[in-house]
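Just below is one structure, and these are the notes that go with it.
The values are calculated or read from the model by the stated rules, or taken from the named source; none is laboratory data. None of the values given here were measured: they were computed from a predicted structure. For neighbour counting, all protein chains shown are included, and Cβ atoms are generated from backbone atoms with ideal geometry for every residue, glycine included.
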Amino acid sequence: MKNLALSLIAAAGSILPDRAWRLIWKTMLRNDRLIDSQGWQFFGEFADRLNVNSVGVLGEYGAMSSSPHDAVILKEYAQQRRWAATTNALIREFFDQTTGTYFDIGANIGMTTVPIASTTNVVCHAFEPEPTNFKNLSRNVRLNCSGENVTLHQMALFDRKSTLSFELSDSNLGDHRIRLNGSSVPSLLNETTRPVIEVPCVRLDDLDIPVAGRFFAKIDTQGAEPFIIAGGGATLAKADVILTEWSPYLMRRMSGDPFVVIQFLRENFSQGAINQGDATSAPMQPISDLCNALAQTLSSFAGMEYADVVVRK
């Protein structure tokens with residue numbers, strides 16, 4: 001039916017004058033409901049036909065570039081002129097006019113690296129393995145930051161030095177993930193059909209990156225958090241604050257052990273909070289209570305349910 005409809009439209013289009021087509025396009029572009037529901041998808045398809053592989057959007061963090069198919073992060077930046085606003089506010093509040101070190105693990109196109117690096121003297125290390133995201137991350141840092149306080153690392157962090165399969169989402173460029181064999185968890189997003197590339201991975205502790213001043217680490221790696229901590233625990237234990245994604249589904253899909261994260265937090269931090277929807281809203285609680293609550297989510301969180309966890313020394 002879809003192919004028949006497309007054939008009929010193509011046939012009609014061949015006899016319509018250009019003025020009629022322009023009127024149709026203008027009418028569609030003025031339809032807010034159509035633009036909201038389908039606009040970004042069609043934008044990506046048009047970009048492919050026009051050989052456009054990167055687009056820029058102006059917002060609070062400057063001109064940020066990404067793929068035209070970035071229908072989540074760049075789309076929200078276009079609509080709201082910001083992304084991860086509560087996370088960026090938390091990081092800015094933490095440094096509060098002081099210098100220090102910021103690790104952005106799972107940096108994507110730089111929506112937290114750029115706001116910090118461009119407005120402070122904080123030394124930033126951004127880790128992003130996916131080539132298209134890394135190319136746009138590099139461009140965004142170059143356009144919006146001096147670059148003197150930013151080091152970019154095109155690699156995944158893991159519990160060993162290796163090369164790993166990396167599955168790519170076609171519309172959410174923040175949902176690319178390391179793929180490991182052996183998971184028996186049913187797929188909720190048809191992940192098994194995603195294209196796969198190979199990316200290098202290393203242990204964070206093996207990089208021996210110097211950490212000076214106050215230290216904030218953000219970890220958003222779609223389920224790889226247990227492996228990152230296993231390979232970077234000595235470095236991350238130096239952090240004053242860690243903000244990490246907590247997704248039982250994603251960790252299970254990667255056959256990761258959530259208790260690696262829980263035990264690391266219990267041993268190295270004194271308090272924390274679990275936030276769903278707002279990274280700064282929940283009150284801090286003793287680390288033992290937080291870790292017990294995290295253990296309970298392993299059975300209580302349904303499907304793709306996830307939270308942001310922030311812990312402090």
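Some notes on this structure:
Conditions tested, residue by residue: (1) farther than 23 Å from Leu74 by Cβ; (2) part of a strand (DSSP E or B); (3) at pLDDT 95 or above; (4) among the basic types (Lys, Arg).
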| position | (1), (2), (3), (4) |
| --- | --- |
| Phe134 | no, no, yes, no |
| Asn140 | no, no, yes, no |
| Thr151 | yes, yes, yes, no |
| Asp159 | yes, no, yes, no |
| Thr163 | yes, yes, yes, no |
| Ser169 | no, no, no, no |
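- Of the residues making up segment 94-136, those that are in contact with a helix residue (DSSP H, G or I) (Cβ under 7 Å, 6 or more places away or on another chain) and either among the charged types (D, E, K, R) or within 25 Å of Pro195 (Cβ to Cβ) (or both) are Asp104, Ile105, Ala107, Asn108, Ile109, Gly110, Met111, Ala126, Glu128.
- Residue among Gly272, Gly231 that alone is of a type outside the set (Ser, Thr, Tyr) and outside any strand (DSSP E or B): Gly231
Rundown of residues vs (1) buried (at least 16 other Cβ atoms within 10 Å of the Cβ); (2) in contact (Cβ under 8 Å) with a residue 40 or more places away in the chain; (3) β-branched (Val, Ile, Thr), yes/no style:
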site	(1), (2), (3)
Pro200	no, yes, no
Leu204	yes, yes, no
Ile209	no, yes, yes
Gly213	no, yes, no
Ala217	yes, yes, no
Asp220	yes, yes, no
Phe227	yes, yes, no
Ala234	no, no, no
Lys238	no, no, no
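- The one condition in (1) farther than 28 Å from Pro131 by Cβ; (2) hydrophobic (A, V, I, L, M, F, W, C); (3) in contact with a Ser or Thr (Cβ under 6 Å, 6 or more places away or on another chain) that Val241 fails to fulfil: (3)
- Every condition in (1) of a type in the set (Gly, Ala, Ser); (2) closer than 21 Å to Ala230 by Cβ; (3) in contact with a Pro (Cβ under 8 Å, 6 or more places away or on another chain) is met by Ala273 except one, and the failing one is (2).
- Close contacts from segment 285-303, counting a first residue that is free of Cβ contacts under 8 Å to residues at least 60 places away in the same chain and of a type in the set (S, T, N, Q) and a second that is surrounded by 14 or more Cβ atoms within 10 Å (Cβ to Cβ) and part of a helix (DSSP H, G or I), with Cβ to Cβ under 7 Å and a gap of 6+ residues or different chains, come to Ser288/Arg266; Thr297/Pro248.
- Listing of helices (runs of 4 or more DSSP H) fully contained in segment 27-125 that carry 2 or more residues being at pLDDT below 90 and surrounded by fewer than 21 Cβ atoms within 10 Å (Cβ to Cβ): 40-49
Listed here are the residues, each with its yes/no results for (1) within 16 Å of Ala307 (Cα to Cα); (2) among the small types (Gly, Ala, Ser).
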| site | (1), (2) |
| --- | --- |
| Asn181 | no, no |
| Ser187 | no, yes |
| Val196 | no, no |
| Asp208 | no, no |
| Thr221 | yes, no |
| Pro226 | yes, no |
| Gly232 | no, yes |
| Trp246 | yes, no |
| Arg252 | yes, no |
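- Residue that is farthest from the chain's Cα centre (by Cα), among those in segment 136-147 that are without any contact (Cβ under 8 Å) to a residue 40 or more places away in the chain and surrounded by fewer than 22 Cβ atoms within 10 Å (Cβ to Cβ): Ser146
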